Structures are given as C-alpha cells and as structure tokens.
1. Out of everything in segment 151-165 that is over 15 Å from Ser199 (Cα atoms) and under 16 Å from the mean Cα position of the chain (by Cα), what residue ends up being most open to solvent (accessible area, probe 1.4 Å)?
2. Do the conditions hold for Arg126, that is, is it of a type in the set (Lys, Arg), under 19 Å from Tyr227 (Cβ atoms), open to solvent by less than 10 Å² (accessible area, probe 1.4 Å) and in contact (Cβ under 8 Å) with a residue 60 or more places away in the chain?
3. Can you name the residue in segment 172-191 that is free of Cβ contacts under 8 Å to residues at least 40 places away in the same chain and not acidic (Asp, Glu) and, of all such residues, is surrounded by the fewest Cβ atoms within 10 Å (Cβ to Cβ)?
4. Taking the stated definitions as given, is Asp214 modelled with pLDDT under 95 and more than 18 Å from Val98 (Cβ to Cβ)?
5. Say whether the condition of being of a type in the set (Asp, Glu) and touching a strand residue (DSSP E or B) at 6+ places or on another chain (Cβ under 8 Å) is met by at least one residue in segment 160-180.
6. What strands (runs of 3 or more DSSP E) completely inside segment 1-98 contain at least 2 residues that are more than 30 Å from Ser199 (Cβ to Cβ), touching a strand residue (DSSP E or B) at 6+ places or on another chain (Cβ under 6 Å) and modelled with pLDDT of 80 or more?
7. Identify the single condition in (1) crowded, with 22+ Cβ neighbours inside 10 Å; (2) over 22 Å from Ser89 (Cβ atoms); (3) touching a strand residue (DSSP E or B) at 6+ places or on another chain (Cβ under 7 Å) that Cys218 does not satisfy, given that it satisfies every other one.
8. Within segment 129-146, how many residues are surrounded by fewer than 17 Cβ atoms within 10 Å (Cβ to Cβ) and of a type outside the set (Ser, Thr, Tyr)?
Amino acid sequence: MGATVCGPVSAAVSALTATPSTHPIYVNGQAVEMDAYQIVGSNYVKLRDIGQAVDFNVYWKNGVQIDTHTAYTGDPPTTSAFSDMEPISIEDSRNQIVTLTNRLRQNHDLPVLSTNNLLMQAAQLRAEEMAASSTYSHTRPDGSSYVTVTDCTYVAENINRIAQLYLEQQGKSLPVAAMESWSHSDDHLQNLLSERAASIGVGIAKGTGATGKDAWYCVQLFLYEGYTVHQVNASGN
C-alpha cells in the first residue's frame, strides 16, 4: 500500500492538490476579497462568490441556478423582483404598472412619469382593440401605426400579451408578469428608462391569444417631454 501511494499515483494526486491562490482578483478594476485556489496552474473560485462580487444571484434549486437580473442573495427567490402584488381589478392593475414603472426608473436615478387621462384612455383603447381582434402588433387593426391613437406622434409603445394560464402556473399577478417581461427585453427596457419620456399611459384588456385561450393585452404609451395629447383617435384613418 505504501509503495502504491509513493509511486506514480502519488504524483498524480499531488498535481491535483488545491492550494490557496495569492493572485489578486479585480471586478471592474477594483480589488475584491475572494477565496481562490490553484489547481494544476489554474485559479478556481466558487460560483457563488463570483455572483456576490458582481451582484447577480446564484443559488441551488433542482440544480445550480444563475439569475443575472436579480441581486445576489444566495437563496432561491421567494417573491418577484417587482414585489408580487395581486390585482384587484383592471384599473388597479393599470395603476400598479405605473407604480412599478416609476419604481424602476427611480432605481436608475430617472424622474418619475406623470399620467393624464387622455394618454391613459389612448393606451386602454390600444389594449382593447388588440384584444377584440386578437391582433398582437404595433400596427392597429385598421392598418395604421400605433401613433395614430392620439393627435401626437411623439410617443413610444410597449405591448405585451400574457396568457392567463401562465399567470396561474407562475403564481404571478398581471402587473408583475408584464413588467418582468418588459424589463428583460432590451427594446422595451429602453422605453421604460427613456430620458425623453415625461408621461405614461397604461391599458389592459382581456381577450384570447393565438391558440384561442384567455390572454391579457397590456399596453404602455410613453409621451415625450415637451409634447401634449389633445385627443384620442378611435380610428387611425
């Protein structure tokens, strides 16, 4: 047995021995304290430690989970990043989306968006016309652009179609699901965090999706700074 340990196998075991590394580790040019070990000339660190250093979550749940959109806790999420609020009505859900949008903007040091009745009406009209026709598009059912919904074309639009079954399976409220989807899309996030935006309108309507099952149509309209809406147009023509 002693001869076996001291022979070729011993050399292989020795080569795989982990020894503490003295090499410094930097994140964005700043030195961080992190345990590292050298094995066969390479540095090894815990994935959890990396997540903590760069602030994305790493946790175990039926396997190693990495969530780059959530700050590090080391634990599985128990609530949504947007705080899971149950909707009471369509009106409450619209207001919650406004609240969550402004919370997101404040987290990025951006001014909150105001609301006005006409912009809210316009967004609701967009949601209702999509739900009525099951047309999920920035083009209105009459073939015109979404910007024709008001008399001001200086607006941006986010839309979303969320299946009722998805909400039930995920245990999420409609505002939370919509905001998570938008915030994880670069194009939609650009509208959410636009420095040009000054006002917001939100619309929600229930219809059916592409498979004929119940779905919710959600709309955000962002009006740019310095512009005003004077009327809502039921038809773009």
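The values are calculated or read from the model by the stated rules, or taken from the named source; none is laboratory data. Note that the structure is predicted; figures quoted are calculated from it, not measured. Methodologically, a virtual Cβ is constructed for each residue, glycine included, from the backbone with ideal geometry; neighbour enumeration extends over all protein chains shown. Note: areas computed on protein heavy atoms with side chains; ligands, DNA, RNA excluded. Shrake-Rupley method; radii C 1.70, N 1.55, O 1.52, S 1.80 Å.
1. This residue is Arg161.
2. Details: of a type in the set (Lys, Arg): yes; under 19 Å from Tyr227 (Cβ atoms): yes; open to solvent by less than 10 Å² (accessible area, probe 1.4 Å): yes; in contact (Cβ under 8 Å) with a residue 60 or more places away in the chain: yes.
In short, yes.
3. Step by step, filter segment 172-191, then rank; the result is Gln190.
4. yes
5. Taking every residue of segment 160-180 in turn, none turns out to be of a type in the set (Asp, Glu) and touching a strand residue (DSSP E or B) at 6+ places or on another chain (Cβ under 8 Å).
6. On the way: elements: 25-27, 30-32, 36-39, 42-45, 57-60, 64-67.
The strands (runs of 3 or more DSSP E) meeting that bar are 36-39, 42-45, 57-60, 64-67.
7. Against the list (1) crowded, with 22+ Cβ neighbours inside 10 Å; (2) over 22 Å from Ser89 (Cβ atoms); (3) touching a strand residue (DSSP E or B) at 6+ places or on another chain (Cβ under 7 Å), Cys218 comes up short only on (2).
8. First, the residues of segment 129-146 that are surrounded by fewer than 17 Cβ atoms within 10 Å (Cβ to Cβ): 132-139, 141-145.
Among the residues that remain, those that are also of a type outside the set (Ser, Thr, Tyr) are: 132, 138, 141-143.
The total comes to 5.
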